[in-house]
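One structure is given here, and the rest of the page talks about it.
The values are calculated or read from the model by the stated rules, or taken from the named source; none is laboratory data. From a predicted model like this one, the values you see are computed outputs, not experimental measurements. Quick reminder, even Gly has a Cβ in these numbers, built from the backbone with ideal geometry, and neighbours come from all protein chains shown.
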Amino acid sequence: MRTLPAALTTAQQSATNEPRVAVTADNTIAALRRLDFVQLDATAQTIAKHDACVPADGSLTRVRSDGAGNLFQQRVTTPAAGPWGTWNAFGTGKGNVVACAAIGTRVIVIYTDAAGTGVKFRESTDYGVNFTAEAAAFTAGAAVVDLSVAYKAAGGDCAVAYVTAAALAICKRAAGTWGAPAVSAATFNSLNGVAVCYSTDYNLFVTGVEVTTLRRTFWTNTYGDGAAVALNTWGNLYTQQQAESDSSVSYNAPFAAYIDTFRVTFVEADAFTGGATRTYRTNLHPLAPWPALANTYTSPVPVNYTGAEGLALAANAADADYMYETAPDRVYRAAQSPVTATLTADVIAAEIRERDRATSGYIELDNSAGQYAGPPSPITIGNRLDVRWGYYTTSGYLTSKMADLWIAALEYRRTGGKSVLRLHVEGGWELLRRNRQRMQITHSATDSYYSVLLRITSRAGLWLTSGGVSTRADTVTPKFTIPAQMSGYEAAQQALSFLADRIRPATIASMKMLEPLTSDATTYTFGVAHPLRTVQLRSEQPRAAETHAFGVAAFGEAIDYATAAVAGAPRDYMRDASSSTGATATATATAHLRRRALDADAGLIIVPPNCGQELYDAVEFSDGYISGSAIKRRVSGIDWRYARRPVAVFEQTLYLGAM
Amino acid sequence: MPDTSTPPATMRHGILKVWYSGTYLADVQLVGSLTTWLKSIPVARDIASAEMTAGRSVLVAMLDDTNPADAAVIAVWV
């Protein structure tokens with residue numbers, strides 16, 4: 001249960017206090033600020049290596065190669081107006097790779113000589129107006145295929161990440177002096193793209209072909225700066241996207257920016273009949289720590305741009321102004337600023353249903369003055385709603401924020417002279433239902449059930465946290481493959497069927513996983529201080545009396561003998577490919593039997609809302625007509641209801657389950 | 001409805017990518033998967049080896065969607 005201020009607890013236990021349903025909409029999809037890109041330029045140019053950056057004055061610097069040894073640079077001070085057609089010659093007789101970065105007043109442009117091994121740079125300390133003459137940075141061990149640069153600090157410390165035909169390397173500049181390149185020990189069949197940005201380490205995004213398997217792959221990696229990875233040390237390589245060697249699919253042109261989180265673009269080129277070359281966007285959940293594990297970036301979202309060298313990302317991290325996606329022939333821009341709208345004064349009804357693996361409901365807004373015609377930003381499908389339930393208290397209005405909701409549909413209702421905008425809402429499980437895997441994901445033998453579930457939720461834009469998961473969830477490493485097109489919901493269901501744990505949505509687009517235990521302490525008591533309006537207490541058989549797990553040449557079972565003695569008690573069976581001993585198969589059967597016991601329906605109670613109530617809380621109530629002692633049950637579902645008219649309603653139905 | 005036990009088997013349409021006649025295993029691209037294949041799926045022994053030509057359609061019975069080793073190619077056509 002969410003912790004409540006004492007004044008709110010007191011208020012919700014009084015039948016006479018004024019209810020409060022506070023609703024705010026904001027431009028956030030899952031956990032990510034929504035960026036609505038607007039095209040500023042589409043002037044045709046040769047598509048070759050390119051990059052873009054934004055220094056502190058808000059100007060946009062673009063650099064590009066023409067693929068024939070000529071480099072061009074452009075600085076636009078007022079991007080809303082351009083001009084975009086004017087490029088400055090920046091070098092001739094050079095290599096065909098180029099990149100840039102900015103921080104504060106500095107802009108650096110990195111490129112190679114004609115041989116491809118001599119890495120050169122020119123730098124500006126006046127926002128890209130004037131640049132130094134060309135200077136040597138370092139010499140690569142082989143011709144550079146792609147490179148990327150990121151500043152660490154306004155003083156000029158930075159690093160250039162680059163790939164040669166089959167090696168990944170990075171070279172840092174500290175206090176104005178370039179060091180020697182550090183080559184990763186990781187081996188590759190071939191490499192074609194790299195992007196680097198700096199958060200607390202150097203964060204790398206790499207595309208190429210995996211050694212041995214020859215799978216086309218998009219990886220993440222880290223070069224440590226002493227945060228998540230030790231200083232000047234390479235981190236692990238993690239696969240984020242992968243295609244078979246004979247799939248005719250390849251990845252290239254990664255770009256990355258660390259703004260509110262790691263935002264990344266890359267190109268997927270499909271050479272099979274009917275395939276297309278297209279840029280995709282992906283990101284890491286803002287709560288996810290770096291280094292992100294394999295398959296934790298969100299399922300890629302297609303962008304309507306088909307250039308072979310992708311879209312560079314540029315934004316001034318210190319200024320929540322605009323973010324740019326650029327290519328030689330394209331400039332898109334989106335405001336980064338949060339857009340929020342407080343809807344509380346117009347909320348006339350709300351009904352939210354929280355269930356095991358489902359959230360639904362609606363918020364109705366008074367539209368009697370047509371104030372929601374349009375509707376106004378940020379009220380639109382996909383955006384987040386912050387919904388808080390509370391009362392007027394001795395400390396004023398106090399509320400408790402429920403799990404994040406998102407707008408699933410909009411419905412204007414005009415009847416009897418009334419005008420209402422109904423916002424249909426959904427929760428985290430519904431995001432998982434829509435998240436279908438673009439590729440088959442085979443989990444490694446070291447991934448626990450919790451780790452598998454964390455990645456399933458992460459790809460849907462949700463972050464899984466532990467609220468006390470079972471030892472089994474944390475330690476058993478199943479054979480688990482998620483086929484292409486399977487939804488995150490189905491995959492999570494499959495994994496959870498082997499555990500007694502439950503997952504409930506939470507705030508900041510997160511999900512909390514916990515193991516309900518019979519020994520769980522009561523979180524709240526009804527019927528004494530807190531009024532109890534209705535009780536329907538139900539007792540029924542557990543949903544299974546026996547569970548059988550069939551492993552690999554192993555069998556395990558769990559039996560509830562008391563239930564099994566009752567005629568008709570059902571038996572569940574499970575195929576358990578992860579178990580090869582009787583003991584592990586028995587553990588699977590035991591976990592499933594516990595899971596099914598929790599499914600038993602124990603009735604419901606109707607109360608004035610307990611504003612902090614959450615799914616799977618243990619609650620208690622007393623009713624002498626039912627039992628001489630306190631009755632303790634687990635919350636298996638919550639209905640929240642609020643209406644101003646025709647009859648004022650403010651109540652909560654708690655669906656109960658077994659402890 | 002809460003989950004009960006092992007989900008029912010599913011049938012999936014696939015494209016045969018690689019045939020390993022010695023072990024009677026096959027790599028199969030499930031329709032809907034553009035980038036990754038199921039590797040080394042057992043093939044019903046009543047299917048003649050000569051019929052297993054790359055590019056043909058196959059029917060894959062998946063006893064457990066999350067464990068490709070628990071699947072079998074049970075028909076081939078076209």
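Can you pull out every residue in region B:26-78 that is more than 9 Å from chain A (Cβ to nearest Cβ) and either of a type in the set (D, E, K, R) or out of contact with any strand residue (DSSP E or B) (no Cβ under 8 Å at 6 or more places or on another chain) (or both)?
Listed by number, the residues that qualify are B:R45, B:D46, B:A48, B:A50, B:E51, B:R56.
Tell me, which residue of region A:197-256 that is assigned to a loop (DSSP other than H, G, I, E, B), of a type in the set (S, T, N, Q) and under 25 Å from A:V54 (Cβ atoms) is nearest to the other protein chains (Cβ to nearest Cβ)?
This residue is A:S199.
How many residues are of a type in the set (D, E) and within 12 Å of chain B (Cβ to nearest Cβ) when one looks only at region A:555-593?
Count: 2.
Of the residues in region A:615-639, how many are surrounded by fewer than 21 Cβ atoms within 10 Å (Cβ to Cβ), assigned to a loop (DSSP other than H, G, I, E, B) and not hydrophobic (A, V, I, L, M, F, W, C)?
The number of residues fulfilling the criteria is 7.
Report, by residue number, each residue of region B:57-78 that is part of a strand (DSSP E or B) and either crowded, with 18+ Cβ neighbours inside 10 Å or of a type in the set (A, V, I, L, M) (or both). Write out each step before concluding.
We begin by selecting, within region B:57-78, every residue part of a strand (DSSP E or B); these are B:57-62, B:71-77.
Matches in region B:57-78: B:V58, B:L59, B:V60, B:A61, B:M62, B:A71, B:A72, B:V73, B:I74, B:A75, B:V76.
In region A:537-547, is there at least one residue being basic (K, R), farther than 30 Å from A:L287 by Cα and within 13 Å of chain B (Cβ to nearest Cβ)?
Quick first cut of region A:537-547, residues basic (K, R) only: A:538, A:543.
When the remaining residues are screened for being farther than 30 Å from A:L287 by Cα, the result is A:538, A:543.
From what's left, within 13 Å of chain B (Cβ to nearest Cβ): A:543.
Checking region A:537-547: at least one residue is basic (K, R), farther than 30 Å from A:L287 by Cα and within 13 Å of chain B (Cβ to nearest Cβ).
In region A:509-524, is there at least one residue being away from chain B (no Cβ under 13 Å) and free of Cβ contacts under 8 Å to residues at least 24 places away in the same chain?
Checked against the condition, which is being away from chain B (no Cβ under 13 Å) and free of Cβ contacts under 8 Å to residues at least 24 places away in the same chain, region A:509-524 yields at least one hit.
A quick yes/no check of all residues on (1) of a type in the set (D, E); (2) surrounded by fewer than 23 Cβ atoms within 10 Å (Cβ to Cβ); (3) within 14 Å of another protein chain (Cβ to nearest Cβ):
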position: A:D404; (1), (2), (3): yes, no, no
position: A:E430; (1), (2), (3): yes, yes, no
position: A:D447; (1), (2), (3): yes, yes, yes
position: A:G468; (1), (2), (3): no, yes, no
position: A:D474; (1), (2), (3): yes, yes, no
position: A:S487; (1), (2), (3): no, yes, yes
position: A:A491; (1), (2), (3): no, no, yes
position: A:L499; (1), (2), (3): no, no, yes
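State which residue pairs qualify: first residue within 29 Å of A:G116 (Cβ to Cβ) and free of Cβ contacts under 8 Å to residues at least 12 places away in the same chain and inside region A:71-84, second residue of a type in the set (K, R) and surrounded by 12 or more Cβ atoms within 10 Å (Cβ to Cβ) in any location, beta carbons under 7 Å apart, and separation of 6 or more residues or different chains.
That search, which allows pairs on different chains as well, returns nothing.
Looking at region A:56-68, which of its residues are under 25 Å from A:A150 (Cβ atoms) and either modelled with pLDDT of 95 or more or hydroxyl-bearing (S, T, Y) (or both)? Break it down into steps so the answer makes sense when it comes.
Our first condition is that a residue be under 25 Å from A:A150 (Cβ atoms); within region A:56-68, this holds for A:56-67.
Listed by number, the residues that qualify are A:S59, A:L60, A:T61, A:R62, A:V63, A:R64, A:S65, A:D66, A:G67.
Return a yes/no flag: does region A:267-284 have any residue that is part of a strand (DSSP E or B), of a type in the set (K, R) and within 14 Å of chain B (Cβ to nearest Cβ). Let's see the steps before the verdict.
Taking region A:267-284 first, the residues part of a strand (DSSP E or B) are A:267-270, A:277-283.
Add one more test, that the residue is of a type in the set (K, R), and what stays is A:278, A:281.
This time we only want the ones that are within 14 Å of chain B (Cβ to nearest Cβ), so: A:278.
Yes: one or more hits.
Looking at A:A115, A:A150, A:A143, A:A161, which one is part of a strand (DSSP E or B), of a type outside the set (S, T, Y) and either in contact (Cβ under 8 Å) with a residue 60 or more places away in the chain or surrounded by fewer than 17 Cβ atoms within 10 Å (Cβ to Cβ) (or both)? Spell out the reasoning first.
Values: A:A115 fails: part of a strand (DSSP E or B); A:A150 fails: either in contact (Cβ under 8 Å) with a residue 60 or more places away in the chain or surrounded by fewer than 17 Cβ atoms within 10 Å (Cβ to Cβ) (or both); A:A143 fails: part of a strand (DSSP E or B).
From the options A:A115, A:A150, A:A143, A:A161, the qualifying one is A:A161.
Scan region A:67-81 for residues that are within 14 Å of A:T46 (Cβ to Cβ) and not in a strand (DSSP E or B) and jot them down.
A:G67, A:A68, A:G69, A:N70
Where in region A:294-394 are there strands (runs of 3 or more DSSP E), lying wholly inside it, with at least 3 residues that are farther than 22 Å from A:W463 by Cβ?
Working: elements: A:301-303, A:312-315, A:322-327, A:330-335, A:340-342, A:347-355, A:358-366, A:384-393.
Result: A:312-315, A:322-327, A:330-335, A:347-355, A:358-366, A:384-393.
Take B:L16 and decide whether it is free of Cβ contacts under 8 Å to residues at least 40 places away in the same chain, buried (at least 16 other Cβ atoms within 10 Å of the Cβ) and either within 23 Å of A:T213 (Cβ to Cβ) or of a type in the set (K, R) (or both).
No; evaluated as a whole, the condition is false for this residue.
Go through A:Y642, A:Y573 for me and flag whichever is aromatic (F, W, Y), outside any loop (DSSP other than H, G, I, E, B), crowded, with 17+ Cβ neighbours inside 10 Å and modelled with pLDDT under 95.
Testing whether each residue is aromatic (F, W, Y), outside any loop (DSSP other than H, G, I, E, B), crowded, with 17+ Cβ neighbours inside 10 Å and modelled with pLDDT under 95 leaves just A:Y573.
Of all residues being closer than 30 Å to A:A115 by Cα and of a type in the set (V, I, T) in region A:32-70, which is surrounded by the fewest Cβ atoms within 10 Å (Cβ to Cβ)? Just the residue, please.
Of all residues in region A:32-70, those closer than 30 Å to A:A115 by Cα come to A:44-54, A:60-70.
After this cut, where a residue has to be of a type in the set (V, I, T) as well, the list is A:46-47, A:54, A:61, A:63.
Values: A:T46: 15, A:I47: 18, A:V54: 28, A:T61: 25, A:V63: 29.
Across region A:32-70, the extreme among qualifying residues is A:T46.
Quick check: anything in region A:407-414 within 18 Å of A:T507 (Cβ to Cβ) and of a type in the set (D, E)?
Taking every residue of region A:407-414 in turn, none turns out to be within 18 Å of A:T507 (Cβ to Cβ) and of a type in the set (D, E).
Report whether or not A:A630 is farther than 26 Å from A:K512 by Cα and without any contact (Cβ under 8 Å) to a residue 24 or more places away in the chain. Before the answer, list the steps.
Details: farther than 26 Å from A:K512 by Cα: yes; without any contact (Cβ under 8 Å) to a residue 24 or more places away in the chain: no.
Here the answer is no, as A:A630 does not meet what is asked.
So for region A:33-42 (the condition being in a strand (DSSP E or B) and modelled with pLDDT under 95), does at least one residue qualify?
yes
Restricting attention to region A:406-428, which residues are assigned to a loop (DSSP other than H, G, I, E, B) and buried (at least 23 other Cβ atoms within 10 Å of the Cβ)?
Answer for region A:406-428, where residues must be assigned to a loop (DSSP other than H, G, I, E, B) and buried (at least 23 other Cβ atoms within 10 Å of the Cβ): just A:G427.
Given (1) in contact with a Pro (Cβ under 8 Å, 6 or more places away or on another chain); (2) of a type in the set (S, T, N, Q); (3) within 30 Å of A:S395 (Cβ to Cβ), identify the lone condition not met by A:T16.
It fails just one condition, (1).
Please count how many residues of region A:432-445 are more than 14 Å from chain B (Cβ to nearest Cβ) and buried (at least 20 other Cβ atoms within 10 Å of the Cβ).
Qualifying residue count for the region: 2.
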